[in-house]
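Below is one structure; the comments refer to it alone.
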Amino acid sequence: YAKSKDGYVISSETCAFEVMGIYESVDLKPGEIVEFHKGIVKHEFYSTNTDNHMCAMEYIYFARPDSVVEGINVHAFRKATGSILAREDKDLHADIVIGVPDSSLSAAIGYAEEAGIPFETGLIKNRYVGRTFIQPTQAMRDRSVRLKLSPVSSVVKGKSIVMIDDSIVRGTTSRRIVQLLKDAGATEVHVRIASPVITSPCFYGVDTSTKDQLIGAQMSVEEIRDYIHADTLRFMTEEEMKEATHDVGLCLACFNGEYCTKLFSYQEELDK
């Protein structure tokens, strides 16, 4: 929350405050309640038996890059993930680095700087199409991808490309994007994902409720590479992602199946 000239404002992201010209805010801690009454702010804790489990996907995908989450700027985190990915690609020789707009652009900049490969705008985003992976049917997702992204053929034609994306959920979007780039004349598309393989459903608000919706739960990395028609494919490891966030406690359940709360009905299915 933050203090404004008219009282107090509350937001899930700090970027909302900056739009209002407010650059100082207070983070609520796990288990904390804040009450505003006649200009007085009251804090109390309904529980002190707490842990930090910030959703990793907030850093990777959901939050705006100009927001600060748990003291870490989202752009800086994403840029660091790209730099970390590039360190492991010393033998990869490509002509350009591109990012899938918009959430992957920061990681692509970090990769390009670390690798010493030019960063280019190889894909243009249609601003009037929403996020595709949360749409309810595959037909709608496929149509949205076609409408959402266009390759810049003059940039990608005849080039070996490193394409940075934030994650792969179902795999169909990545497959379509790789095909768009190759149809536009790219000679190679090396896909690098700035997050680990998503292998488990999220029960905390993200619309992936079963493993059969997740390509990472059904295929190996090599099988995913073949499915999306990439020349090479690599994901971040959990350890590499933790390096980018330093000491922030993360919920990594969608990557490793280790949920931060007990999920009895789901656990019963796993035990079967």
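At a glance:
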quantity	calculated
Pair Ser220, Phe203: separation of 7 Å Cα→Cβ label points (nm)	3.1
Inter-label distance, nm, simple model (7 Å from Cα along the C-beta direction), Thr48/His93	6.2
Percent antiparallel among DSSP beta bridges (both partners in the chain, rounded to 5)	45
Region 2-45 shape via C-alpha gyration tensor axes, a/c threshold 1.5	oblate
Sequence of Cys55, Cys202 once ranked by neighbouring C-beta atoms within 10 Å, starting from the fewest	Cys202, Cys55
Given Lys211/Lys262; Lys79/Lys262; Lys90/Lys182; Lys29/Lys211; Lys42/Lys242, the pairs whose alpha carbons are separated by over 22 Å	Lys79/Lys262; Lys90/Lys182; Lys29/Lys211; Lys42/Lys242
Gaussian network model of the chain, springs between alpha carbon atoms under 10 Å - residue of Gly71, Gly122, Gly205 with greatest fluctuation	Gly205
Burial order of peptide ranges 112-121, 90-99, 185-194 (average beta-carbon count within 10 Å, highest first)	185-194, 90-99, 112-121
Neighbour-count ranking [beta-carbon atoms within 10 angstrom, fewest first] of Ser106, Ser160	Ser160, Ser106
About the Cα centre, charge dipole magnitude for the chain (Lys/Arg +1, Asp/Glu -1 at Cβ), debye	1080
Fluctuation leader among Tyr227, Tyr259, Tyr46 - the chain, Gaussian network, Cα springs under 10 angstrom	Tyr46
Inter-site label distance for Ile22 and Ser154 at 7 Å from Cα along Cβ, in nm	4.5
Cβ-based exposure ranking for Thr245, Thr210, Thr232, in which fewest neighbours within 10 Å come first	Thr210, Thr232, Thr245
Extension gain from Asn256 to Ala76, taking 0.36 nm per residue of separation minus the Cα-Cα distance	62.4 nm
Identified option (computed Kirkwood radius over Cα pairs in Å; candidates (i) 18.9; (ii) 22.0; (iii) 20.2)	(iii)
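Only the coordinates and a few stated rules stand behind these numbers; no lab work does. Nothing here was measured: the structure is a model prediction, and the numbers come from that model. Note that each Cβ is placed from the backbone with ideal geometry, even for glycine, and that neighbours are counted across all protein chains shown.
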